[in-house]
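Bear in mind these aren't lab numbers, they're just calculated from the coordinates by the rules spelled out. Quantities reported herein were computed from a predicted structural model and do not represent experimental measurements. Neighbour counts are summed over all protein chains in view; Cβ atoms, including those assigned to glycine, are modelled from backbone coordinates with ideal geometry.
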Amino acid sequence: MTNPNAITPQETESIATLGRLKLNKAEKTIAARQLSDILRNFSTIQAIPTAGVAPADAVSGLTNITREDISQPEAIASPKAVLDGAPKTQGTHIKVKGVFS
């Protein structure tokens, strides 16, 4: 029986290239079979009748809780206190090691 979801060698090569994988001939054969099996499994899942079944995207019953974004005028520390506690400063900035050295 022919698998309508069979992955061709060219498709396997293309997928491997996209994934930046260097596969030898044996690995390509194995990958093609495994990818074909995965697609066949998806076809089986898609064939399951789901009419009338409620989506299960929120099984916990929890919802996102948001709050208004309000400015907090009271600072944890004053800018001067932060600068005084920094190991190195330059003007009103904290000086750090360069990232791209």
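List of remarks:
- The relative contact order of the chain comes to 20 percent, based on Cα pairs under 8 Å that sit 6 or more residues apart.
- Within a Gaussian network of the chain (alpha carbon springs, distance under 10 Å), most fluctuating of 26, 16, 77: 77
- For the chain, the number of Lys pairs with C-alpha atoms closer than 28 Å, counting only pairs eight or more positions apart or on separate chains, is 4.
- Dipole size of the chain about its Cα centre, with +1 on Lys/Arg Cβ and -1 on Asp/Glu Cβ: approximately 600 debye, rounded to the nearest 20.
- Efficiency of FRET from Cβ geometry, residue 20 and residue 59, R₀ 30 Å, rounded to 0.05: 0.25
- For the range 10-68, projected area of the alpha-carbon convex hull averaged over all directions, nm²: 8.3
- Förster radius 22 Å - calculated FRET efficiency between residue 30 and residue 10 (Cβ-Cβ, nearest 0.05): 0.85
- Here the Gaussian network model covers the chain, with springs between Cα atoms less than 10 Å apart; of 89, 63, 29, 89 fluctuates the most.
- Kirkwood-based Rg to Rh ratio, the range 27-97, C-alpha trace: 1.44
- Charge tally for residue 88 (other residues, Cβ to Cβ under 11 Å; Lys, Arg +1; Asp, Glu -1): +2.
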